[in-house]
Amino acid sequence: MTATASRVLVLNSGSSSVKYQLLDMHNTESKSGSAAGRLAVGLVERIGEETSRLAHTPLGTGGAKRETEGPIADHTAALKAVAAELAADGLGLDSPELAAIGHRVVHGGLKFSAPTVIDDEVLAEIERLVPVAPLHNPANITGIRTARALRPDLPQVAVFDTAFHTTMPEYAARYAIDVETADAHRIRRYGFHGTSHAYVSRKTAELLGKAPEDVNVIVLHLGNGASASAVAGGRCVDTSMGLTPLEGLVMGTRSGDIDPAVTFHLKRVAGMDEDEVDVLLNKKSGLIGLCGDNDMREIGRRIDEGDAQAKLAFDIYIHRLKKYIGAYSAVLGRVDAVAFTAGVGENAAPVRAAAIAGLEEMGMAVDASLNAVRGDEPRLISPEYARVAVAVVPTDEELEIAQQTYALVSA
Ligand code: AMP
């Protein structure tokens with residue numbers, strides 16, 4: 001890396017998609033706006049199909065979004081197409097200003113508790129984790145291999161979704177099942193959305209004008225996937241997702257917590273096989289299973305029209321959230337802040353109001369007019385008298401990945 005290299009390319013490779021952002025790390029600290037330091041953002045979708053699509057926005061030059069459609073055969077072709085778009089803006093991957101590529105990797109198991117420069121051994125370990133993350137790690141590995149082939153000389157860094165949760169004490173991370181079986185198959189609670197929980201808990205401390213070490217925060221990451229975490233003095237002590245991202249809160253399409261006996265029941269009584277149960281719980285449950293919609297905006301509209309099914313789905317979603325707020329209050333002992341983030345948490349004021357309603361005895365309240373304010377900045381929505389700060393803190397996983405990557409390669 002040259003002394004002037006200050007750019008980081010963040011890659012988030014899914015099974016048929018690649019999301020990317022190119023950031024200039026010399027500019028991200030100076031402004032608080034979410035566009036700070038962002039030179040380009042984009043998305044390649046439907047990789048491997050006839051109708052692949054690349055959408056690229058050169059934010060750095062203020063240029064318009066460019067969209068192209070047509071077959072993109074695989075991740076190698078996708079990354080080459082991304083490189084061509086970046087080069088067209090004078091931001092090519094061959095630029096000496098590119099310091100590193102930061103990869104989002106979903107599962108880092110117990111081995112990776114921090115961002116890690118990728119070498120053959122690290123890549124092999126990420127591959128060994130495929131059995132516990134069969135949906136995610138293979139796509140991440142493909143993204144890493146492709147990027148390494150394009151720029152073999154450049155540091156490539158893996159930033160793990162699980163890393164922030166590796167501080168969970170053993171009694172929070174273990175399931176109460178036979179220890180030998182659990183250890184043989186690496187069955188334990190790993191947690192996900194870690195970069196978001198790390199970023200949001202730190203930003204919440206900043207909002208309160210305190211050091212992360214001095215603050216206990218409950219982070220509610222409510223997107224299409226959703227998870228809660230209890231963060232004590234900057235360290236995660238519990239989180240709602242487990243071996244996989246299926247456990248915990250009610251999500252857009254995932255059930256969250258469920259009696260495991262339901263799965264045997266579905267097999268024995270409903271005659272479903274593993275794959276059908278997997279699809280049912282991951283894709284056809286949660287809000288979409290309960291009411292046919294997984295978008296909170298649509299659910300809100302239906303409730304306003306008096307739709308009882310949408311209202312019940314909302315109530316189930318809120319009930320689960322409240323249970324986690326209560327549980328994590330007990331785990332933390334003292335709560336300084338509850339922070340809402342991600343698509344639902346940042347935008348759905350009725351969800352925030354309902355989740356905190358009735359928790360006055362726990363020191364938590366939401367001010368209706370503050371809660372109605374929209375914006376991209378971290379902000380408080382609790383009244384002055386409330387003992388616990390309730391906040392909306394927009395997450396920025398790409399910035400967090402870029403910062404962790406840059407910190408590692410420029411150290
Ligand atoms: P994420 O996974 O963080 O991108 O969140 C996506 C989800 O956020 C969507 O499925 C919606 O349920 C929710 N969402 C996004 N925008 C809004 C909004 N303006 N109001 C309510 N919910 C929203």
Inset, instruction - Hey, can you tell me all the residues within the range 341-364 that are in a loop (DSSP other than H, G, I, E, B) and crowded, with 19+ Cβ neighbours inside 10 Å? - result: ALA348, LEU359, MET364
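Got a number for residues in the range 233-279 being aliphatic (A, V, I, L, M), open to solvent by less than 50 Å² (accessible area, probe 1.4 Å) and either within 30 Å of ARG202 (Cα to Cα) or out of contact with any Lys or Arg (no Cβ under 9 Å at 6 or more places or on another chain) (or both)? Walk me through how you get there before you give the answer.
Our first condition is that a residue be aliphatic (A, V, I, L, M); within the range 233-279, this holds for 237, 241, 243, 246, 249-251, 258, 261-262, 266, 269-270, 272, 277, 279.
Remaining after also requiring open to solvent by less than 50 Å² (accessible area, probe 1.4 Å): 237, 241, 243, 246, 249-251, 261, 266, 272, 277.
Remaining after also requiring either within 30 Å of ARG202 (Cα to Cα) or out of contact with any Lys or Arg (no Cβ under 9 Å at 6 or more places or on another chain) (or both): 237, 241, 243, 246, 249-251, 261, 266, 272.
Residues flagged as aliphatic (A, V, I, L, M), open to solvent by less than 50 Å² (accessible area, probe 1.4 Å) and either within 30 Å of ARG202 (Cα to Cα) or out of contact with any Lys or Arg (no Cβ under 9 Å at 6 or more places or on another chain) (or both) within the range 233-279 amount to 10.
Is it the case that the range 221-230 has a residue that's surrounded by 24 or more Cβ atoms within 10 Å (Cβ to Cβ), farther than 15 Å from TYR328 by Cα, in contact (Cβ under 8 Å) with a residue 60 or more places away in the chain and touching a helix residue (DSSP H, G or I) at 6+ places or on another chain (Cβ under 8 Å)? First the steps, then the outcome.
The first filter runs over the range 221-230 and keeps only residues surrounded by 24 or more Cβ atoms within 10 Å (Cβ to Cβ), leaving 221-222, 226-230.
So of that shortlist, the ones also farther than 15 Å from TYR328 by Cα come out as 222, 226.
If we keep only those that are in contact (Cβ under 8 Å) with a residue 60 or more places away in the chain as well, we get 222, 226.
Then keep just the ones that are touching a helix residue (DSSP H, G or I) at 6+ places or on another chain (Cβ under 8 Å); that gives 222, 226.
For the range 221-230, residues surrounded by 24 or more Cβ atoms within 10 Å (Cβ to Cβ), farther than 15 Å from TYR328 by Cα, in contact (Cβ under 8 Å) with a residue 60 or more places away in the chain and touching a helix residue (DSSP H, G or I) at 6+ places or on another chain (Cβ under 8 Å): present.
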Inset, instruction - Spot the failing condition for HIS75; the list is (1) more than 25 Å from the chain's Cα centre (by Cα); (2) open to solvent by less than 60 Å² (accessible area, probe 1.4 Å), and only one is missed. - result: (1)
Inset, instruction - Filter the range 316-340 for residues that are part of a helix (DSSP H, G or I) and away from the ligand (no atom under 16 Å from the Cβ) and give the result. - result: HIS319, LYS322, LYS323, TYR324, ILE325, GLY326, ALA327, TYR328, SER329, ALA330, VAL331, LEU332
Legend entry - Close pairs (7 angstrom Cβ cut-off, 6 or more residues apart or separate chains): charged (D, E, K, R) in the range 374-403, part of a strand (DSSP E or B) and open to solvent by less than 20 Å² (accessible area, probe 1.4 Å) anywhere: ARG379/ALA391; ARG379/VAL392; GLU398/VAL10
Inset, instruction - Of the conditions (1) within 16 Å of the ligand (Cβ to nearest atom); (2) assigned to a helix (DSSP H, G or I), GLN309 clears all except one; give me its number. - result: (1)
Legend entry - Complete set of residues in the range 280-300 that are surrounded by 19 or more Cβ atoms within 10 Å (Cβ to Cβ) and more than 16 Å from the ligand (Cβ to nearest atom): LEU281
Legend entry - Qualifying helices (runs of 4 or more DSSP H) (wholly inside the range 120-174; at least 1 residues being at pLDDT below 95 and among the aliphatic types (A, V, I, L, M)): 137-150
Legend entry - Qualifying positions in the range 192-204 - more than 12 Å from VAL392 (Cα to Cα) and in a helix (DSSP H, G or I): GLY194, THR195, SER196, HIS197, ALA198, TYR199, ARG202
Legend entry - Filter result (open to solvent by 40 Å² or more (accessible area, probe 1.4 Å), closer than 18 Å to ALA205 by Cα and part of a loop (DSSP other than H, G, I, E, B)) within the range 383-407: GLU384, ARG387
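The values are calculated or read from the model by the stated rules, or taken from the named source; none is laboratory data. The structure displayed is predicted, hence computed values, not measured ones. Please note: Cβ atoms are built from the backbone with ideal geometry, for glycine as well, and neighbour counts cover all protein chains shown. The area values use the complete protein model at the heavy-atom level, side chains included, leaving out ligands, DNA and RNA. Shrake-Rupley method; radii C 1.70, N 1.55, O 1.52, S 1.80 Å.
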